[in-house]
Structure formats: C-alpha cells, structure tokens
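Take a look at the structure set out below.
The values are calculated or read from the model by the stated rules, or taken from the named source; none is laboratory data. The shown structure was predicted, so the numbers you read here are calculated from the model rather than taken from an experiment. Positions of Cβ are backbone-derived with ideal geometry, glycine not excepted, and every protein chain shown enters the neighbour counts.
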Amino acid sequence: MFVFFFVLGTVKGGTQLQPFTNIGRCSSGFTSSLKLHHNTEVHVTVVAVNGAGLRTVSHSQPVYVDLTPPEFEYLYDGTTHGKTWPYIAELINAVIFELFRASLKTC
C-alpha cells in the first residue's frame, strides 16, 4: 500500500498556500481555493509513502504567477493577405482587459 500527499508553497517545500493534502493512491490532485498573487512563485511538493512508511519527496520547478492581461499589437485574420488591423487589436485588448478585471473581482 502507498499514498501520495501534495503541498503548495511560495518556497520549495513550503505550505504557505496549501497544507499537505492526502490524495490516496490517485496520480493527480487539485485545489480550488488558492489566492494567487501577481509576481509570486508556486512550488509543488509531492510525498509518496509506501506500506513500510518510507517516504520519497519530489519538488517541482517553481511556477511563476503572472496576472498581467495579454495585449495584442496586430491582428491577422488570415484573409487580408498581410494587411494588419491595429484598431481591431486595440478593441480586443480593451475587451480582454475588462474580462480580466471582472475575473479578479470574482476570485
């Protein structure tokens, strides 16, 4: 018998974002209540424990949280033979920014 645990932190092995969570024998886990902040790193640590109680610890490379909304300089729709439409790109940027801002309010 073996079980897996995972933890999320802002430093390697840290528990700042989520404490150790037992996911049993599942090969994946999830969380839905994280409050991620712009310009932070998230580290995932997985611990596997076998029937004898021996542990193996594995650390991920950090994942960088960047909440900057995307911006487009040009929009190519594939039918204009190389023409660009920067005013459409500006409109798309404005819509994306508003959607992004609205999503921050609901998080």
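Collect the residues in region 12-29 that are part of a loop (DSSP other than H, G, I, E, B) and either in contact with a strand residue (DSSP E or B) (Cβ under 6 Å, 6 or more places away or on another chain) or surrounded by 12 or more Cβ atoms within 10 Å (Cβ to Cβ) (or both), keeping them in residue-number order. Write out each step before concluding.
Of all residues in region 12-29, those part of a loop (DSSP other than H, G, I, E, B) come to 12-17, 25-29.
Residues satisfying the conditions are LYS12, GLY13, GLY14, THR15, GLN16, LEU17, GLY29.
Under 6 Å between Cβ atoms, at least 6 apart or on separate chains: pull out the pairs that start in region 1-22 with a residue that is not assigned by TED's automatic domain parsing to the domain that holds LEU36 and end on any residue that is modelled with pLDDT of 90 or more and of a type in the set (Asp, Glu).
As it stands, the answer is none, since no pair meets every condition given.
Would you confirm whether or not region 30-41 contains a residue that is surrounded by 10 or more Cβ atoms within 10 Å (Cβ to Cβ), modelled with pLDDT of 90 or more and outside any loop (DSSP other than H, G, I, E, B)?
Scanning region 30-41 turns up at least one residue that is surrounded by 10 or more Cβ atoms within 10 Å (Cβ to Cβ), modelled with pLDDT of 90 or more and outside any loop (DSSP other than H, G, I, E, B).
What residue, of GLU90, GLU71, is among the acidic types (Asp, Glu), modelled with pLDDT under 90 and part of a loop (DSSP other than H, G, I, E, B)? Steps first, answer last, please.
Values: GLU90 fails: part of a loop (DSSP other than H, G, I, E, B).
After applying the criteria, what remains is GLU71.
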